[in-house]
Amino acid sequence: MRYTAADLRVFTRDEASRFVPRGDGDPQNDVPLAWELLYRLEPELYDRLASAERLHPEIVGWLPRGLDQIAEVGAGTGRLTMELIGRGQRVVAVEPALPLRRILQRKLAAAGHADQVQVIGGFFDALPLPDDFADLVVACSAFTPSPGHGGEDGLAEMERVCRPSGCVAIIWPNHLAWLADRGYRYVSFPGPMSVTFGSHHEAVELAEIFYPKAAGEVRRRGSRTVPFEVLGINPPRDLAFKVLAG
Ligand SMILES: C[S@@+](CC[C@H](N)C(=O)[O-])C[C@H]1O[C@@H](n2cnc3c(N)ncnc32)[C@H](O)[C@@H]1O
């Protein structure tokens, strides 16, 4: 792992209260904590990885369209956000990490969509949005049952800001039973899926950092396209959702 306990000083007080609640985290042994450091210390590196790991196209196709407001939580550098534009009149992207918000704002401006998406700071467990705000409240590769990354309070917040008859969706969920216990249904889309890096050189470089056990195989294959199985991760092909009572 690239980071040490000395790097924890990058967190704001609000971030530290969620990611190192006892004040003494060790990113060498705590993978979620190391990811939080990545977002703040090397956001462009993170963006190169997320840009290569594209979502199954049917995920976006499944989401409701013709909406008024959409709220996305944990928007990162906009892998899903860019796809939400056009499905609603307006999108609010909530993202705690300032360096990721800056990249997202830069991408939106470059694509001419800065007016359609409001990018704001915030956390799952204290969303800076009013009750019944959005028709769709969605998180992609961001929500977990752990309190620092959502938890009971975070799910309750997503449902609070969702309008009656609206939809709360957790894309690429990693704790299906936990969500099912809370009334969430599951959809998965079939088919082979690969990570598409910018070049074979980049595939090897990023595999060495993020998937070191697979790096040799990535090098041997000689391609910029790497099946998710080779990297040893579940592809982003699924979602859990709940339609709130009307
Ligand atoms: C793996 S990234 C996914 C980003 C983006 N949704 C995507 O799919 O590319 C996880 C994101 O969750 C955000 N996150 C972590 N803890 C959070 C919290 N407590 N509340 C809101 N977002 C959080 C991170 O800052 C990061 O942007």
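The values are calculated or read from the model by the stated rules, or taken from the named source; none is laboratory data. Nothing here was measured: the structure is a model prediction, and the numbers come from that model. No Cβ is skipped: glycine too gets one built from the backbone with ideal geometry, and neighbour counts run over all protein chains shown. All accessible areas refer to the heavy atoms of the entire protein, side chains included, with ligands and DNA or RNA removed. Shrake-Rupley method; radii C 1.70, N 1.55, O 1.52, S 1.80 Å.
Since only Gln105, Trp62, Val73 are under comparison, the one whose Cα sits farthest along the positive direction of the charge dipole of the stretch 1-121, derived from C-beta charges on Lys, Arg, Asp and Glu, is Gln105. Near the amide H of Gln118, within less than 5 Å, lie the amide hydrogens of Val91, Val92, Ala93, all on another chain or at least 5 residues away, with H placed in the peptide plane.
Enter the angle in degrees (range 0 to 90, nearest 10) between the Cα long axis of helix 31-41 and the first principal axis of the Cα atoms of the chain, meaning the one along which they spread out most. With both axes taken from Cα atoms, the answer is about 90 degrees. The solvent-accessible area of Arg2, taken with every protein chain present and a 1.4 Å probe, is close to 120 Å².
Using C-alpha pairs below 8 Å separated by at least 6 residues, the relative contact order for the stretch 122-225 is 23 percent. On the accessible surface of the stretch 64-211, probed at 1.4 Å, how many percent belong to carbon and sulfur atoms? Carbon and sulfur atoms account for 50 percent of the accessible area of the stretch 64-211.
Between helix 43-52 and the chain, what is the angle of the helix's C-alpha long axis to the longest principal axis, kept within 0 to 90° and rounded to the nearest 10? Its long axis makes an angle of about 90 degrees.
Centre-to-centre, using Cα atoms only, the stretch 89-151 and the stretch 176-246 are separated by 22 Å.
Of all the options Gly25, Gly66, Gly154, the one that moves most in a Gaussian network model of the chain with Cα springs shorter than 10 angstrom is Gly66.
Can you classify the stretch 40-79 as rounded, prolate or oblate using the Cα gyration tensor, where a ≥ b ≥ c are the square roots of its eigenvalues, rounded means a/c under 1.5, and otherwise it's prolate if a/b beats b/c and oblate if not? Oblate, since a/c reaches 1.5 and b/c is not below a/b.
The tail of the calculated P(r) for the stretch 69-212 beyond 24 Å holds 37 percent of all Cα-Cα pairs. Helix 98-110 axis versus longest C-alpha principal axis of the chain: approximately 80°, rounded to the nearest ten.
By DSSP, the beta bridges lying fully in the chain are antiparallel in about 35 percent of cases.
Just so you know, the averaged projected area of the alpha carbon convex hull for the stretch 1-92 sits at 7.2 nm². Per residue, the convex hull spanned by the alpha carbons of the chain comes to 123 Å³. At a probe radius of 1.4 angstrom, the accessible area of the chain per residue rounds to 47 square angstrom.
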